[in-house]
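Asks: One structure is given below, represented as structure tokens, and several questions about it will come after.
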Amino acid sequence: MSVVTRFAPSPTGFLHLGGARTALFNWLYARHTGGKYLLRIEDTDRKRSTPEAINAILDGLEWLGLSPDETPVYQFSRRERHAEVAAQLLEHGHAYRCYCTPEELAEMRQKAKTEKRSVRYDGTWRDRDPADAPEGIEPVVRFRAPRSGKTIIKDAVQGTVTIDNSDLDDLIMLRADGTPTYMLSVVVDDYDMRVTHAIRGDDHLTNAFRQTQIFQAMDWQPPIFAHIPLIHGPDGTKLSKRHGALGIEAYREMGYLPEAMLNYLCRLGWSHGDDEFFSMDEASSWFEIADVNKGASRIDFDKLTNLNAKYIDASPNERLLNLIAPDIEKRTGKPLNDETRRRLSEGMNSLKQRAQKVSELIDNSLFYCVSRPLDYSEKATRNFDYASRSRLSSLLPKFAAVDDWTQDVLEKLVKSHIEDTGEKLGEIAQPLRIALTGTTVSPGIFEIAAVLGKEETIGRIEDAIAPP
RNA sequence: GACCCCAUCGUCUAGAGGCCUAGGACACCACUCUUUCACAGUGGAGACACGGGUUCGACUCCCGUUGGGGUCGCCA
């Protein structure tokens with residue numbers, strides 16, 4: 001039987017890192033086995049599901065390259081089928097109507113809490129004569145869960161997990177308004193979609209028991225469950241907004257590359273020996289659920305950033321150029337012309353080597369794109385003193401006399417210049433850097449001068465030594 | 001509180017009883033390279049939570065303790 005996996009987010013917020021990794025593992029496993037990877041939007045909670053969230057999830061997945069193999073299934077659109085299954089369950093005595101009001105249930109929970117008992121539905125209506133039904137109250141439909149015995153799950157990650165049925169209560173399958181709840185919908189949809197492997201967060205482990213019971217009541221074969229450990233925040237608790245947990249699109253905006261995100265997420269809870277830096281093609285050929293760890297892992301932004309730097313460095317210049325172009329145009333307020341494009345692509349090799357994020361690449365590339373006179377950074381202004389000015393003045397005529405304007409020639413020229421003057425290289429290189437870039441940090445200064453061209457270089461030096 | 005799960009450097013992890021003097025990556029600290037910042041390279045510091053078993057031999061298996069996490073909604 002061919003593998004079918006699914007990612008089943010509820011559209012109540014953005015696609016966060018945990019969700020992205022769950023999607024990734026499902027994708028990876030489907031790719032590894034030559035199976036299918038599906039997406040199901042679990043929007044049965046009409047109050048909290050939003051179209052914005054759906055878009056955020058779809059866009060996020062697309063950015064990561066984790067779009068589903070088939071058109072997404074919207075769970076709410078299948079509500080009639082869910083209700084039909086509930087009716088069947090009702091008919092066969094696997095479910096019953098419960099007339100408790102939400103207020104009564106809240107009271108029940110409160111009481112259980114104060115008496116320090118476990119908080120479960122007490123089964124008031126489980127065996128009660130439906131004739132007792134109070135007037136004017138729309139009932140919910142509850143699953144008649146087995147009261148004794150055990151439910152066992154053979155989880156592909158967690159191993160065999162057993163729970164006493166007495167620890168579970170009768171969950172609600174149909175709300176008072178007749179709409180299905182998550183617990184029922186998941187079972188029906190996983191069955192109807194022929195899902196073979198439900199790879200999802202560890203926080204669903206308890207649900208898996210309830211769902212298994214429903215599968216059993218319907219006499220359906222449940223999928224193989226694989227409960228992957230959660231991603232925790234730096235403090236070791238479930239990742240949440242409190243940790244500044246953001247949607248995947250925020251990472252995109254911060255300047256992370258999708259392949260870096262993927263590579264990083266992949267290494268959280270899964271590993272293949274000592275491999276750290278690898279493509280998703282490699283990962284999918286290696287990916288076995290058995291290699292997924294059981295313990296939760298914490299997010300480590302330093303490592304993500306480090307990986308991102310590696311991916312930026314490994315990216316083709318053309319791609320980076322296209323990536324940064326829109327932002328650069330926004331920052332300079334003018335479209336990128338051929339000359340700036342040329343400069344950027346010639347300078348990109350050194351530029352990309354020192355950027356950890358795309359946003360940094362943009363910052364550091366800007367000096368190639370702005371027109372004279374340059375704005376100097378505060379530090380640059382502070383470090384550009386009288387001596388700097390006079391050093392550049394004495395170098396300027398030599399630059400002006402150069403015909404063969406190459407990095408090599410310029411470097412030799414400056415080196416012989418300092419032999420004449422007795423200056424240290426840094427004493428001339430740093431002012432030159434400020435003149436050419438407006439900053440104190442940049443790629444090699446001779447490369448920059450070469451890329452900038454003779455006219456622009458000389459112009460920038462003249463700007464720098466001109467009286468303020 | 002009840003139930004379930006987990007436990008190797010600060011973090012992510014390798015480790016399937018002898019291969020372990022516990023390996024790699026990030027971060028950290030030195031040094032090298034060097035015109036700045038990076039990159040790169042070399043080296044360093046840094047962990048098997050604890051206690052019992054089992055075994056000739058436990059990071060690896062079993063039990064307990066401790067610690068951490070998750071779940072207990074007409075949310076998903």
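No value in this document is a laboratory result; all are computed from the given coordinates. Bear in mind that the values here come from a model prediction, so they are computed numbers and not experimental data. Heads up, the Cβs are rebuilt from the backbone with ideal geometry, glycines too, and the neighbour counts pull from every protein chain shown.
Asks: With n ≥ 4 as the cut-off for DSSP H runs, can you work out [θ] at 222 nm for chain A, using -39500 (n - 2.57) per run divided by the number of residues, rounded to the nearest 500? The partial results should precede the final answer.
Replies: Values: 19 runs with 228 residues, N = 468.
Calculated mean residue ellipticity at 222 nm is -15000 deg cm²/dmol.
Asks: Hey, which of these cross-link pairs are over 32 Å Cα-Cα: A:Lys238/A:Lys310; A:Lys303/A:Lys379; A:Lys330/A:Lys415; A:Lys241/A:Lys334? Before the final figure, lay out the partial values.
Replies: Details: A:Lys238/A:Lys310 28 Å; A:Lys303/A:Lys379 29 Å; A:Lys330/A:Lys415 38 Å; A:Lys241/A:Lys334 37 Å.
Over 32 Å apart, Cα to Cα: A:Lys330/A:Lys415; A:Lys241/A:Lys334.
Asks: Between exposed GluC sites (Glu not before Pro) in chain A, where DSSP calls loop and at most 16 other Cβ atoms lie within 10 Å, what's the longest gap?
Replies: Details: sites that count: A:Glu70, A:Glu115, A:Glu135, A:Glu276, A:Glu288.
Counting only loop sites that pass the neighbour cut-off, the longest clear stretch is A:289-468.
Asks: While we're looking at this one, here's another question. Mind checking Rg over Rh on segment A:343-390, alpha carbons, Kirkwood formula for Rh?
Replies: Values: Rg = 13.2 Å, Rh = 12.4 Å.
The Rg/Rh ratio comes out at 1.06.
Asks: I've got another one for you. Loop-only trypsin sites (Lys or Arg not before Pro) in segment A:370-445, please: DSSP not H, G, I, E or B, and at most 12 other Cβ atoms within 10 Å. Numbers along the way, then the final one.
Replies: Numbers: sites: A:Lys379, A:Arg382, A:Arg389, A:Arg391, A:Lys398, A:Lys412, A:Lys415, A:Lys424, A:Arg433; in loops: A:Lys424.
Answer by residue number: A:Lys424.
Asks: Just how many % of Cα pairs in segment A:395-447 lie over 14 Å apart, if you round to the nearest whole percent?
Replies: Working: 722 of 1378 pairs.
Here the long-distance tail beyond 14 Å is 52 percent of all Cα pairs in segment A:395-447.
Asks: Rg over Rh of segment A:37-85, using C-alpha atoms and the Kirkwood radius, what does it come to?
Replies: Working: Rg = 12.1 Å, Rh = 11.8 Å.
Using only Cα positions, Rg/Rh for segment A:37-85 is 1.03.
Asks: Here's a follow-up. Within 10 Å of each candidate Cβ there may be at most 16 other Cβ atoms; applying that plus a DSSP loop requirement, which chymotrypsin sites (Phe, Trp or Tyr not before Pro) in segment A:248-307 survive? Present the calculation step by step, with values, prior to reporting the outcome.
Replies: On the way: sites: A:Tyr251, A:Tyr256, A:Tyr264, A:Trp270, A:Phe277, A:Phe278, A:Trp286, A:Phe287, A:Phe301; in loops: A:Tyr256, A:Phe277, A:Phe278, A:Phe287.
Sparse-neighbourhood loop chymotrypsin sites (Phe, Trp or Tyr not before Pro): A:Phe277, A:Phe278.
Asks: So, one more: Normalized C-alpha radius of gyration of chain A, against 2.2 N^0.38 Å?
Replies: Details: Rg = 31.5 Å, N = 468, 2.2 N^0.38 = 22.8 Å.
With N residues counted in chain A, Rg over 2.2 N^0.38 Å equals 1.38.
Asks: Let me ask something additional. Just flag the trypsin sites (Lys or Arg not before Pro) in segment A:54-138 sitting in loop per DSSP whose Cβ has no more than 15 other Cβ atoms within 10 Å. Numbers along the way, then the final one.
Replies: Values: sites: A:Arg78, A:Arg79, A:Arg81, A:Arg97, A:Arg109, A:Lys111, A:Lys113, A:Lys116, A:Arg117, A:Arg120, A:Arg126, A:Arg128; in loops: A:Lys116, A:Arg117, A:Arg120, A:Arg126, A:Arg128.
Within segment A:54-138, the qualifying trypsin sites (Lys or Arg not before Pro) (loop, at most 15 other Cβ atoms within 10 Å) are A:Lys116, A:Arg117, A:Arg120, A:Arg126, A:Arg128.
Asks: Now for a separate question. Considering amide H positions built from the backbone, and no H for Pro or chain starts, which residues 5 or more places from A:Thr406, or on another chain, come under 5 Å of its amide H?
Replies: none
Asks: Another one. Among A:Tyr96, A:Tyr37, A:Ala86, which residue has its Cα positioned farthest towards the positive end of the charge dipole of segment A:1-120, with +1 placed on the Cβ of Lys and Arg, -1 on the Cβ of Asp and Glu, and the dipole taken about the Cα centre?
Replies: A:Tyr96
Asks: How high is the relative contact order of chain A, in percent, with contacts defined as C-alpha pairs under 8 Å that are six or more residues apart? Spell out each step's value before the answer.
Replies: Values: 689 pairs, mean separation 60.7, N = 468.
Value for chain A: 13 percent.
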